[in-house]
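As structure tokens, the structure follows; a few thoughts come after it.
Coordinate-derived values only; no laboratory data. In this text, all values refer to a predicted model and were calculated from it rather than measured experimentally. Every residue, glycine as well, gets a Cβ built from its backbone with ideal geometry; the counts of neighbours run over all protein chains shown.
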Amino acid sequence: MSPSPKDVASKAAETVAKNSSAKEYKKESTPARVLGAGCAGIAELMVFHPVDTTAKRLMSNYGKVTSAAQLNTIIFKDKASASVPSRFLSLFPGLGYAAAYKVLQRVYKYGGQPFVRDYLAKNHGNEFDAAFGKGNGKAIMHATAGSLIGIGEIVLLPLDVLKIKRQTNPEAFRGRGLIAIIKDEGFGLYRGWGWTAARNAPGSFALFGGSAAAKQYYYKLTDYNAASWSQNFVASIAGASASLLVSAPLDVIKTRIQNRNFENPESGFRIVSNMMKNEGFSSFFKGLTPKLLMTGPKLVFSFWLAQTLIPAFNKVM
């Protein structure tokens, strides 16, 4: 007796499900994800906080830089004429906020993306393969998980706001402590959340997607966790470069929203209008060169560490 069309379709669906590349993943333990991402965040903070401060101050500068003396003032502010050690230490403002934000952010982002990936793989892996093809579906699924976790990153926005203000506009604090600022500002600390989400969605998509694409197409890996430290390094460069390029304009807008005085907020659309009118289109890419040269390595460094440490911790836990 020949099988019915329904039986044939059912067996075909089972075969597709078994061969779905998007469903092929190794689930790391939760402690491994948290420890790996947390260690990456701490190492990044120790090495790259001065670089981050420099990039934020350049992005917050209005107008063109016409001399080395002006650039020195923009970067080091009131310490521009101080000794070299004093100028270097001036690049560590808001370190407490930065530590809280950066470690929590990396744990949330690098440790959280695998949970979203697991959910998508388990429940929608076949759909990704059907829509994008085997292999493509897996890379797009990793990118989508990154994008979703990036949008949720706005829960940490108050710490990011305080860090950026300490780096670029310390006068905004005027002697107030953390508790006083939270009490006075309330949800004002979430100012710019929409622009932050708009930046994080494509930026995180490109970060995790670029890394996954490098492993999928360049190294031909079916198990991304099997990547060596050198393969993770190259994949991290691909993801970080794509992320910075995609998110650059929105990152400038977000930074300018967040570095304003608490009592003198300015909407993102007003900032966009003024930038186009007074500074031109190129102003949306201010700070991109130092970000690619300095912040780029920071992102590569932390992402590479997280991708390497999470599977490593998983093997011993």
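Cross-linked pairs LYS27/LYS134; LYS64/LYS109; LYS109/LYS165: Cα-Cα separations exceed 31 Å for LYS64/LYS109. With a threshold of 20 Å on the Cα-Cα distance, the over-threshold entries among LYS56/LYS79; LYS138/LYS220; LYS79/LYS102; LYS79/LYS254; LYS122/LYS315 are LYS79/LYS102; LYS79/LYS254; LYS122/LYS315.
Using every Cα-Cα pair within segment 28-316, state what percent have a distance larger than 31 Å. The share of Cα pairs beyond 31 Å in segment 28-316 comes to 30 percent. Spin-label pair TYR218-MET317: with each label point 7 Å from Cα along the Cα-Cβ axis, the two points sit 2.8 nm from one another.
Dipole size of segment 28-316 about its Cα centre, with +1 on Lys/Arg Cβ and -1 on Asp/Glu Cβ: approximately 460 debye, rounded to the nearest 20. Let me check against my output: what whole-number percent is the relative contact order of segment 28-316, with C-alpha pairs under 8 Å and at least 6 apart? For segment 28-316, the relative contact order is 28 percent. In plain terms, the residue of SER60, SER83 with the fewest other Cβ atoms within 10 Å comes first and the most crowded comes last, giving SER83, SER60.
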